[in-house]
Amino acid sequence: MNENLSKLYIPKHVGIIMDGNGRWAKKRGMPRSVGHKYGAENFRKITRYISKTGVKILTLYAFSTENWKRPMEEVNALMKLFYQYLVDSLTDFREDDIKVVFIGDRSAFNPKLVELINETEEVAKDRKGMLLNIAMNYGARDEILRAVKSLCSDVKDNKINIDDITCDDISSRLYTGGEPDPDLIIRTGGENRLSNFMLYQAAYSEFYSTDTLWPDFKADDFDKAIIEFNKRNRRYGGV
Ligand code: FPP
């Protein structure tokens, strides 16, 4: 770990919206898919680095429920990359004891990719290092809708009374059920929005946006986000 961080408070849970692959490639006169390839390489490197900083949970937004609207060519290129980089990352993640979990609706993916996703989770299930949530075909509204449906079904089956429903009953039905909410959400690529990422969990997350495009976001950029996070005064609605 970089000595910049040694005296700082390290957030338990960090979320990252990895944006800017397309622009990174365009600036270099290359197709957007090349930007995704460099983005995927960065995904591997930065995950390994973050796992050594003391972060306990890292949630990376790789593909949203809305990303299917992109041209078919780009979606296909992304699916190929997911497959390739998951295979390649397996060794790294084993070496770093990273526990990998996928959040989102995996049923929409090609069966071979679903098989790889299931296998990746299975081989990593007893690891004790950082938990890596990879959000794929993930959308927070869809996640909340699933939680609502699950609660409605429990009410219908008389397992819970409407008046007894708490916020915890909602949180526990999200993909991240049982995990602490993200302390810090980083977005690369310069936009200042959540884009349907962890809308429920982000109620009191600190938001950090950087103009750096995802393929260029390195360990030093992550350290800068942690330094900035340490300057924030989190009040959770109090004074
Ligand atoms: C946003 O950049 C990025 C994505 C939609 C894909 C993110 C995926 C990766 C970084 C690969 C991760 C790999 C694995 C194995 C999980 P954009 O295309 O919206 O860029 P732009 O805003 O410049 O157009």
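The values are calculated or read from the model by the stated rules, or taken from the named source; none is laboratory data. These figures come from a predicted structure and were not determined experimentally. When we count neighbours, we look across all protein chains shown, and the Cβ atoms used for this are built from the backbone with ideal geometry, even at glycine. Quick note on the areas: whole protein, heavy atoms, side chains included, nothing else; ligands and nucleic acids left out. Shrake-Rupley method; radii C 1.70, N 1.55, O 1.52, S 1.80 Å.
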Reduced to Cα centres, the span from the range 126-160 to the range 1-40 in Å works out to 27
Could you look at the chain and say what percent of its accessible area is carbon and sulfur, using a 1.4 Å probe and all protein chains? 51
Compactness relative to 2.2 N^0.38 Å, alpha carbon Rg of the chain: 1.03
Could you pull out the trypsin sites (Lys or Arg not before Pro) across the range 203-239 that fall in loop regions by DSSP (anything but H, G, I, E, B) with no more than 15 other Cβ atoms inside 10 Å? K218, K231, R232, R234, R235
Backbone HN-Hα couplings from phi across the range 32-39 [Karplus 6.51/-1.76/1.60, Hz, Gly and Pro as x]: 4, 4, 5, x, 5, 5, 5, x
Solvent exposure, largest accessible area first (probe 1.4 Å, DNA, RNA and ligands not counted), of S107, S150, S172: S107, S172, S150
Residue-wise HN-Hα coupling along the range 76-81, computed from phi with Karplus coefficients 6.51, -1.76, 1.60 (Hz; x: Gly, Pro): 4, 5, 5, 4, 4, 5
What whole-number value in Å² describes the accessible area per residue of the chain for a 1.4 Å probe? 53
Of all trypsin sites (Lys or Arg not before Pro) in the range 77-158, which ones are in loop regions per DSSP and have a Cβ with at most 13 other Cβ atoms within 10 Å? K125, K128
Lysine pairs in the range 22-86 with alpha-carbon atoms under 28 Å apart, 8 or more places apart or on different chains: how many are there? 16
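Mind listing which GluC sites (Glu not before Pro) in the range 134-239 are in a DSSP loop and have 15 or fewer other Cβ atoms within 10 Å?
E191
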